[in-house]
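Single-structure report; data block below.
Just so it is clear, none of the values below were taken in a lab; they were calculated from the coordinates. Just so it is clear, the structure is predicted and the values come from calculations on it, not from any experiment. Note that we place each Cβ from the backbone using ideal geometry, even for glycine, and neighbour counts take in every protein chain shown.
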């Protein structure tokens, strides 16, 4: 625990880069990685489901469908990376807040993609 | 007339070294008088006085000692700190306040849009996990808009107001309730 406290105290919030994360910062990142994996899992399941449905009907998957399905699957990864980047200059509490907002924003993007897909 | 200190029977060499007296500690009466004289005589921040002392004691008091400089530096630091604190806690300008109000209204409308989209949902007859997952996603989407607003205000609290507006405008672009607008 001694090394943990020293890394967290030496982490100046103004300093840029990921060296300032410390053990607790990375713990926050890992916990939210599991939460974001829920979205990612849904996206991959959707991708597999859509592609298998298309193939079962013998229809080629068009470029638009590929784009939508891949965007749906990749959105959690992109938002997670963005949250990690935004949170790197913040204290741990700020990182948690950014990840929570990101987790909700993934839902927004997913629903946007779904409504675009159903409209097209 | 020589220095008074030389007349003192119990004077130690280097007794009047100003660096020996820590700031804020109780110093001897002579020292206090000297400090007061110096601060009264020298109103400028960095006084450069030519050495034209009428007497030895006055000349010694006129010289800015290390202690004086240290006190000046401390005063300047305190003033700077005060100015920073005042700048940090000053009220929003009218334009910023109106802009915040408009953005807050947009966020409120977005939240209502997501809620309406949530209530339009018609559950299928067989409820499986995909339905539950979809409802979770919709609930998170409702929460996203207020969360973004509050988090932006929270995190950009101590930063420039431009950052606050930048992130709020970014949220307005990201959080548009497309399902509501497209009638889903």
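Where does each of A:100-108, B:92-100, A:79-87 land if you order them by average Cβ count within 10 Å, highest first?
My ranking of the peptides, most packed first, is A:100-108, A:79-87, B:92-100.
On the Cα set of the stretch B:92-181, report Rg and Dmax in Å, please.
In Å, with Rg to one decimal and Dmax whole: 16.0, 55.
Grab the beta carbon distance between residue B:128 and residue A:63, set R0 = 30 Å, and tell me the FRET efficiency rounded to 0.05.
Working from the Cβ atoms, E equals 0.45.
Averaged over its residues, how many other protein chain Cβ atoms are within 10 Å of peptide B:134-143's Cβ atoms?
5
Would you mind giving the mean number of other chain beta-carbons within 10 Å of the Cβ of each residue in B:173-182, as a whole number?
Average per residue, whole number: 4.
Would you mind ranking B:148, A:66 so that the residue whose beta carbon has the fewest other beta carbons within 10 Å leads the list?
A:66, B:148
Cα centroid distance between the stretch A:31-78 and the stretch B:120-140, in Å?
The distance from the Cα centre of the stretch A:31-78 to that of the stretch B:120-140 comes to 18 Å.
At a 10 angstrom cut-off on C-beta neighbours, averaged per residue, how do the peptides B:153-166, B:77-90 rank from highest to lowest? Write out the running numbers ahead of the final one.
Working: B:153-166: 13.2, B:77-90: 9.4.
Highest-to-lowest ranking by the protection proxy: B:153-166, B:77-90.
Other chains' Cβ within 10 Å of A:111-120 residues: what's the mean?
Counting Cβ atoms of other protein chains within 10 Å of each residue's Cβ and averaging gives 5.
Calculate, for residue B:173 and residue B:85, the FRET efficiency according to 1/(1 + (r/R0)^6) with r their C-beta to C-beta distance and R0 35 Å; round to the nearest 0.05.
0.55
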